[in-house]
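Have a look at the structure below before the remarks.
Please treat every number below as a calculation from the coordinates, not as lab data. Keep in mind that this is a model prediction, so the values were computed, not measured. When we count neighbours, we look across all protein chains shown, and the Cβ atoms used for this are built from the backbone with ideal geometry, even at glycine.
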Amino acid sequence: MTQLTTQLLPKHRTAYVNARLLDPATGLDAPGALLAEDGRITDFGPQLFAEGVPEGIQTVDCRGACLAPGLVDMRVHIREPGEEQKETMGSAGRAAAAGGVTSVVALPNTDPVIDDVAGVEYIARRAREEKSVKVYTYAAVTRGTEGRELTEMGLLGEYGAVAFTDGTRAIASAQVMRRALSYAKTFGHLIVQHPEEPSLAGGAMNGGEMATRLGLPGIPAVAEVMTVERDLRLVELTGGRYHVAHVSTAETVDVIRRAKARGLAVTCDTAPHYLTLNEIAVGDYRTFAKVSPPLRSEDDRRAVVAGLIDGTIDAIASDHSPHDQESKRLPFAIAEPGIVGLETLLPLSLQLYHSGGIGLLELLSRLTEKPAEILGLKGGRLTKGAPADLTVFDPDRGWRIDPDRFESKSKNTPYEGLPVQGRVRRTVVDGRTLFEAA
């Protein structure tokens, strides 16, 4: 009898040294090192490799830069399938890596809509083929995102849908939302709402004096809070889990703050443009500043910032919405809404830190552990045995935003030429370096 022996393959080890370790989940902020082994975090801490890195371990010198969990972006329009001229799984993955994002959650409003098992499996297969950042997907709440017939949430959840939303369409019917919250509760799933009363959402920018002066139809701020207030009543009725996407108004922040105080299962996010811009950015019909919901007043912007700082707003998502020239270089009223945001998510968010409004760990929490926790994703924290999904960045390094250098296929940003601080040096997914700054 011949005895077979199995030779163990050598382990791939990488040591990240001379780093400022940041982990919002535990409050860690200290100089130290991290060891990744075969794609997982093996060890980290201030004393690791204090006497040098042993032979046979690849070394990455972080040179004092921050080493944190990779960013988790919970709202991304990938555009594949159906609009690959705007973005693909490959280009979105490269853009995410360049922005320090290691996990993205794709919206279902593609062509066809992700409302069945085949669509969910398609996203998973394409993500495996690209071997880039981790791509999760929402599934639609209603078939075709038409707001009428519910999808098979239980089955879609089994096949990998992390939550349910109709993307850029609000669920207008109170009865449909009630059924969705009740049905989703059965499986422990989350309903994500685009908060905009459709009958008031036919405008092009924030309703008010500026819209009147520009001769543009306005969307009143109450269109947002009306939807949220109605839905919170239904959350109270059903006991379902509910998330408000891209909060943009002061009244919405107040309503959510009170709902949380009452113990309702509600969370919310906002996007960097609602933290850094107001309706004045529309200027002379600048379509690159057209978003949905629209940029609001300065008072609203300040209230959103305050809501993020006090914890009412749980997360920051890029709301990455790539569009080609043909969709944006049109009269303002008919141009598509949206801003590319994967590559500017970190530096724009860091403006709050640099202004002294929020601590670095608190800010990173809104970009890492909080979105991961809301959606039940693995990631967003430094944990032994967890996947080595990491970002190395210099929070103080200044640069100017240049869309011509974006990895995204689309360049629609209102931030061109804006000086910012915060540069990603390296992005690592499952121990593999996907991006390294030149």
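Observations on the model:
- Packing-based ranking of 32-38, 331-337, 61-67 yields 32-38, 61-67, 331-337, ordered from highest to lowest mean Cβ neighbour count within 10 Å.
- Neighbourhood charge, 11 Å Cβ-Cβ cut-off, centred on Arg169 and excluding it, Lys, Arg +1 and Asp, Glu -1: -3
- Against the main long axis of the alpha-carbon atoms of the chain, helix 89-98 sits at an angle near 70°.
- Sites Asp43 and Glu229 - FRET efficiency at Förster radius 45 Å, r taken between beta-carbons, to 0.05: 0.40
- Cα-Cα pairs of the range 399-438 separated by more than 14 Å (percent): 58 percent
- A viscosity of 1.567 mPa s and a temperature of 4 °C, combined with the Kirkwood radius over C-alpha pairs in the Stokes-Einstein formula, give the range 304-390 a diffusion coefficient of 86 µm²/s.
- Order of Asp319, Asp300, Asp111 under a 10 Å beta carbon neighbour criterion, fewest first: Asp111, Asp300, Asp319
- Unit charges on C-beta of K, R, D, E only; dipole of the chain, Debye: 340 debye
- Radius, Kirkwood style, for the range 54-94 when every pair of distinct Cα atoms is counted (Å): 13.8 Å
- Antiparallel DSSP beta bridges within the chain, percent to nearest 5: 50 percent
- Count Lys and Arg as plus one, Asp and Glu as minus one, and take only other residues whose Cβ is under 12 Å from that of His354; the net charge is then 0.
- In this rough spin-label picture, where each label sits 7 Å from Cα along the Cβ direction, the Asp111-Glu209 distance is 4.1 nm.
- Global size of the range 1-142 as Cα Rg and Dmax, reported in angstrom: 20.0, 62
- Label zone (Glu436, point 7 Å along Cα-to-C-beta; backbone nitrogen cut-off 14 Å) within the range 381-397: 392.
- Size descriptor for the range 220-275, Kirkwood hydrodynamic radius: 11.4 Å (Cα pairs only, one decimal).
- Theoretical gain in end-to-end length, Asp299 to Glu158 [0.36 nm per residue, Cα-Cα removed]: 46.5 nm
- Percentage relative contact order, the chain, counting C-alpha pairs under 8 Å, at least six apart: 19 percent
- Dipole of the chain, positive end: most advanced residue of Ala139, Ala201, His323 [Cβ charges, Cα centre]: Ala139
- Projected over all directions and averaged, the alpha-carbon convex hull of the range 30-74 occupies 4.1 nm².
- Value in Å of the Kirkwood radius, where the range 166-303 supplies the Cα pairs that are averaged: 15.4 Å
- Difference of contour (0.36 nm per residue) and Cα-Cα distance, Arg400 to Leu237: 53.8 nm
- Positive-end residue of Leu264, Val291, Val305, charge dipole of the range 242-307 with Cβ unit charges: Leu264
- You can think of it this way: the chain between Arg148 and His12 has 43.8 nm of extra reach, that is 0.36 nm per residue less the Cα-Cα gap.
- Whole-number percent relative contact order across the range 306-438, with pairs defined as alpha carbons under 8 Å at least 6 apart: 24 percent
- Size of charge dipole - the range 102-229 - debye, nearest 20, with Cβ of Lys, Arg +1 and Asp, Glu -1, no other charges: 240 debye
- For the chain, the longest principal axis of the alpha carbon atoms and the long axis of helix 298-309 meet at an angle near 40°.
- Cα long-axis angle, helix 174-187 against the chain (0 to 90 degrees, to the nearest 10): 20 degrees
- Local net charge near Asp115, Cβ-Cβ under 14 Å (Lys/Arg +1, Asp/Glu -1): -4
- Of Lys260/Lys290; Lys134/Lys409; Lys260/Lys384; Lys290/Lys370; Lys185/Lys260, those spanning more than 24 Å from alpha-carbon to alpha-carbon: Lys260/Lys290; Lys260/Lys384; Lys290/Lys370
- Pairs of alpha carbons in the range 77-136 separated by more than 15 Å make up 42% of all such pairs.
- Percentage of interatomic Cα-Cα distances in the range 360-408 larger than 17 Å: 54 percent
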